[in-house]
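Structure, as structure tokens:
The values are calculated or read from the model by the stated rules, or taken from the named source; none is laboratory data. Bear in mind the structure is a predicted one, so any value in this text is a computation, not a measurement. Don't worry about glycine lacking a Cβ; one is built from the backbone with ideal geometry, like all the others, and counts go over all protein chains shown. Note: accessible area is taken over every heavy atom of the protein model, side chains too, but ligands, DNA and RNA are not part of it. Shrake-Rupley method; radii C 1.70, N 1.55, O 1.52, S 1.80 Å.
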Amino acid sequence: MTISTRAPRLAAITRRSARPAPPAGRRPKRRMALVLGPLLVLGLAACQPSAEQESVRSLVNESRGAHGVHAIGDELIVRYKAQKWAEHLAATGTLSHSKLSADLDGLAWGAVAENVGRGTSIASVHKSYMASPGHRANILDRRWDRVGTGHAVGRDGRTYTVQVFVDLR
């Protein structure tokens, strides 16, 4: 008899402590939020320019301001293109231009230009750009609305920067 009296109590305790099943569709949303939450945070962090990318853009705008040209803002799609190309240049140890129209899907642009360079620091690369008539012209061109910047360091320790300028329609 003691066994039969305990069994109903344990069953009752188990039933009382068990949570009722959530309404249909509720549990997957909670799981989705737990999975997507951290991904959203990582995604938003990736949307922000790195300190180095911001330094490249800041030098562009300082030079533009010193010559009476309006500052230009950052553009995520263009920054992604520039960063990807800077990483390619650093990985290969080469200096070449990208295909300018590549990786600009979803962006309505009228004109694009690119500066690519390498040196001992971001400042040294920018100084070289400003000493080169073609690179300087790209930096000071009044038609640009946005710029995407890239920065990477090669295996040889050299700094690679990429500036992609766009005229948005």
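Structure notes:
For every residue, the table says whether it meets (1) closer than 22 Å to Asp156 by Cβ; (2) within 23 Å of the chain's Cα centre (by Cα); (3) surrounded by 20 or more Cβ atoms within 10 Å (Cβ to Cβ).
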site: Ala91; (1), (2), (3): yes, yes, no
site: His97; (1), (2), (3): yes, yes, no
site: Leu107; (1), (2), (3): no, yes, no
site: Gly110; (1), (2), (3): no, yes, no
site: Ala113; (1), (2), (3): no, yes, yes
site: Arg118; (1), (2), (3): yes, yes, yes
site: Tyr129; (1), (2), (3): yes, no, yes
site: Gly134; (1), (2), (3): no, no, no
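- The lone exception for Asp103 - which of (1) closer than 14 Å to Trp85 by Cα; (2) touching a helix residue (DSSP H, G or I) at 6+ places or on another chain (Cβ under 6 Å); (3) open to solvent by less than 50 Å² (accessible area, probe 1.4 Å) it fails: (3)
- Checklist (1) more than 11 Å from Val56 (Cβ to Cβ); (2) open to solvent by less than 60 Å² (accessible area, probe 1.4 Å); (3) without any contact (Cβ under 8 Å) to a residue 60 or more places away in the chain applied to Gly154, failing item: (3)
- Any hit, the stretch 141-151, residues being under 19 Å from the mean Cα position of the chain (by Cα) and of a type in the set (Gly, Ala, Ser): yes
- For Glu52, the test of being touching a residue at least 24 places away in the same chain (Cβ under 8 Å), open to solvent by 60 Å² or more (accessible area, probe 1.4 Å) and under 11 Å from Thr149 (Cβ atoms) is passed.
- Residues of the stretch 137-151 satisfying the condition of being open to solvent by 10 Å² or more (accessible area, probe 1.4 Å) and in contact (Cβ under 8 Å) with a residue 24 or more places away in the chain: Asn138, Leu140, Asp141, Arg142, Arg143, Asp145, Arg146, His151
- Residue identified as at positive phi and not polar (S, T, N, Q) among Gly134, Gly93, Gly148: Gly93
- Trp85 vs. criteria open to solvent by 30 Å² or more (accessible area, probe 1.4 Å), touching a Ser or Thr at 6+ places or on another chain (Cβ under 6 Å), over 20 Å from His67 (Cβ atoms) and aromatic (Phe, Trp, Tyr): yes
- Check on Asp74, under 14 Å from the mean Cα position of the chain (by Cα) and either open to solvent by 30 Å² or more (accessible area, probe 1.4 Å) or not small (Gly, Ala, Ser) (or both): yes
- Annotation note: of Ala131, Ala111, Ala152, the sole residue that is within 18 Å of Ala71 (Cα to Cα) and not β-branched (Val, Ile, Thr) is Ala111.
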